[in-house]
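Asker: Structure in structure tokens, see below.
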Amino acid sequence: MRGRAWLFGDDISTDHIAPGRLFHLRTNLPELAKHVLEDARPEFAASLRPGDFVVGGRNFGLGSSREHAPRIIKLAGVGAVLAQSFARIFFRNAINVGLPVLQCDTSGIGEQDELEVDLAGGAVRDLTTGAVIPFVPLPPVMVTILADGGLVPHVKKHGGFALPTE
């Protein structure tokens, strides 16, 4: 995966991702995705290119358990979310909808840096600075779920929940 870095700070909540004032759009996720993260960065959704990365600080995705928060990040075209840490519920919801969420040191990534993520290799390459940033490896079952496009496609593909054998 390759794209530009969009920097967000610490404590980006599900309210920042999917603003509560737009709750009426929760059944129209493509429309809601047009407003993703607009309370944190109003220009983000309109300027995002497919494959770009959301880069957060600590505690990304805190707040209420809104499954549509990671879903609209994915629908907007974000390739992955990189952060120093994630709220647990957001992290699992993201994996379940097929959105890669990678825990790593984001402090050296600059705004609009060109990044390349190697899920299999466990690293983010900052092509702007030359830095190689390892991320916390995902358990094999999560890698499989992501490769299948999320939990529902995984269950459909395997006729149930399938654990990796390796």
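Asker: Does residue 160 meet the test of being surrounded by fewer than 17 Cβ atoms within 10 Å (Cβ to Cβ) and more than 14 Å from the chain's Cα centre (by Cα)? Before you say what the answer is, go through the steps one by one.
Answerer: On the way: surrounded by fewer than 17 Cβ atoms within 10 Å (Cβ to Cβ): yes; more than 14 Å from the chain's Cα centre (by Cα): yes.
For residue 160, the condition - surrounded by fewer than 17 Cβ atoms within 10 Å (Cβ to Cβ) and more than 14 Å from the chain's Cα centre (by Cα) - is met.
Asker: While we're on this one: Restricting the search to region 91-108, which residues are closer than 14 Å to residue 10 by Cβ and buried (at least 22 other Cβ atoms within 10 Å of the Cβ)?
Answerer: The one that is closer than 14 Å to residue 10 by Cβ and buried (at least 22 other Cβ atoms within 10 Å of the Cβ): 106.
Asker: Something else about it: Surrounded by fewer than 14 Cβ atoms within 10 Å (Cβ to Cβ) and among the acidic types (Asp, Glu) - does that describe any residue in region 128-151?
Answerer: No, the conditions are met nowhere in region 128-151.
Asker: Pull up region 66-90, narrow it to residues that are assigned to a helix (DSSP H, G or I) and within 28 Å of residue 130 (Cα to Cα), then point me to the one that is farthest from the chain's Cα centre (by Cα).
Answerer: First, the residues of region 66-90 that are assigned to a helix (DSSP H, G or I): 68-76, 88-90.
In the following step, the residues that additionally are within 28 Å of residue 130 (Cα to Cα) were identified as 73-74, 76.
Working: 73: 6, 74: 7, 76: 11 Å.
So, considering only residues that are assigned to a helix (DSSP H, G or I) and within 28 Å of residue 130 (Cα to Cα), the one farthest from the chain's Cα centre (by Cα) is 76.
Asker: Collect the residues in region 12-55 that are assigned to a helix (DSSP H, G or I), in contact (Cβ under 8 Å) with a residue 40 or more places away in the chain and small (Gly, Ala, Ser), keeping them in residue-number order. Full working, then the answer.
Answerer: From region 12-55, those assigned to a helix (DSSP H, G or I) are 14-17, 20-25, 29-33, 44-47; that's our starting set.
With in contact (Cβ under 8 Å) with a residue 40 or more places away in the chain added as a condition, the list becomes 14-15, 17, 29-30, 32-33.
Within region 12-55, just 33 meets the criteria.
Asker: Separate question: Within region 149-164, is there a residue that is on the phi < 0 side of the Ramachandran plot, in contact with a Lys or Arg (Cβ under 9 Å, 6 or more places away or on another chain) and modelled with pLDDT of 95 or more?
Answerer: Quick first cut of region 149-164, residues on the phi < 0 side of the Ramachandran plot only: 151-158, 161-164.
Checking which are in contact with a Lys or Arg (Cβ under 9 Å, 6 or more places away or on another chain) leaves us with none.
No, region 149-164 contains no residue that is on the phi < 0 side of the Ramachandran plot, in contact with a Lys or Arg (Cβ under 9 Å, 6 or more places away or on another chain) and modelled with pLDDT of 95 or more.
Asker: Here is a follow-up. Limited to region 59-74, what total is found for residues that are crowded, with 21+ Cβ neighbours inside 10 Å and either in contact (Cβ under 8 Å) with a residue 60 or more places away in the chain or in contact with a Ser or Thr (Cβ under 8 Å, 6 or more places away or on another chain) (or both)?
Answerer: The total comes to 4.
Asker: What are the pairs with Cβ atoms under 9 angstrom where one residue, in region 75-95, is at positive phi and modelled with pLDDT of 95 or more and the other, located anywhere, is among the acidic types (Asp, Glu) and not in a strand (DSSP E or B)? Sequence gap at least six, or different chains.
Answerer: 77/52
Asker: Something else about it: Please count how many residues of region 114-127 are crowded, with 20+ Cβ neighbours inside 10 Å and either within 22 Å of residue 150 (Cβ to Cβ) or not aliphatic (A, V, I, L, M) (or both). Can you show your working first?
Answerer: Kept after step one, since they are crowded, with 20+ Cβ neighbours inside 10 Å, are these residues of region 114-127: 115, 117, 124.
Keeping just the survivors that are either within 22 Å of residue 150 (Cβ to Cβ) or not aliphatic (A, V, I, L, M) (or both) gives 117, 124.
So the count comes out to 2.
The values are calculated or read from the model by the stated rules, or taken from the named source; none is laboratory data. Quick caveat: nothing in here was measured; it's all calculated off a predicted structure. Glycine gets a Cβ as well: all are built from the backbone with ideal geometry, and neighbour counts include every protein chain shown.
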